[in-house]
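The values are calculated or read from the model by the stated rules, or taken from the named source; none is laboratory data. Note that the structure is predicted; figures quoted are calculated from it, not measured. No Cβ is skipped: glycine too gets one built from the backbone with ideal geometry, and neighbour counts run over all protein chains shown. Remember, those area values only see protein heavy atoms, side chains included, never the ligands or the DNA or RNA. Shrake-Rupley method; radii C 1.70, N 1.55, O 1.52, S 1.80 Å.
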Amino acid sequence: MHNILRILLSLTLAGIGLTILLAKKILTLPFGHIQVAIPIFIFTIFAQAFIMFYFIGVSRFVKNILDILKNGKELNELFDEAPADLLPYTKKIEQFNTQAENYKRQTIPWIILSLILGMLAFLLGGAHDTGMVAKYIHSGVVYGFTTSLLIGSYWQWANLGKTNFLLRNVKTLFSLPDKQM
């Protein structure tokens, strides 16, 4: 799954790059940057939402396992035969839970900031097109959006790999199949 999300992230960055190149007139195509910006930003929203919910889902998955281990109920969901001592499992899952929460906290604020700045850039682009806002205001917000998206993409890329590794360790610990979550 993390590879699919990395592909979506790469396509997002390529699309935003294409839009900026068209806007700066570095690249010329039969259509302008406005015609490209609309579908690219819709795709950006889609991709960023998928990535955000992946981190939320993995964090919730690990938290649910920790809750099962701590309250001792429904252990049959994790074990065929529950061991007498759950402490080693609980300690390991507490570490995984902390890691999953950190990955989520490092990623989601950048996603939200990027989406907010992207929406503002999109709206200010329309306002500039109608003559209500100066070009430098729209451009400045676009630069802010691009910067936040690049920083966020770094964290997303790095943490997607780490989260995938964490998820595999959790599944291995309880002998869960790879395709099950």
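What to note about this one:
- Reported count of residues in segment 76-89, each being surrounded by 16 or more Cβ atoms within 10 Å (Cβ to Cβ) and in a helix (DSSP H, G or I), is 1.
- Of everything in segment 113-146 that is under 13 Å from the mean Cα position of the chain (by Cα) and touching a residue at least 60 places away in the same chain (Cβ under 8 Å), the residue that is surrounded by the fewest Cβ atoms within 10 Å (Cβ to Cβ) is LEU115.
- Only one of the numbered conditions (1) more than 30 Å from SER139 (Cα to Cα); (2) open to solvent by 70 Å² or more (accessible area, probe 1.4 Å); (3) of a type in the set (D, E, K, R); (4) in a helix (DSSP H, G or I) is violated by ARG105, and that is (1).
- Residue list for segment 148-181, filter: open to solvent by 50 Å² or more (accessible area, probe 1.4 Å), in contact (Cβ under 8 Å) with a residue 40 or more places away in the chain and either more than 11 Å from THR107 (Cα to Cα) or not hydrophobic (A, V, I, L, M, F, W, C) (or both): LEU150, LYS162, ASN169, LEU173, MET181
- Meets criteria (at pLDDT 95 or above, out of contact with any Ser or Thr (no Cβ under 8 Å at 6 or more places or on another chain), under 30 Å from ILE93 (Cβ atoms) and among the β-branched types (Val, Ile, Thr)) for ILE56: yes
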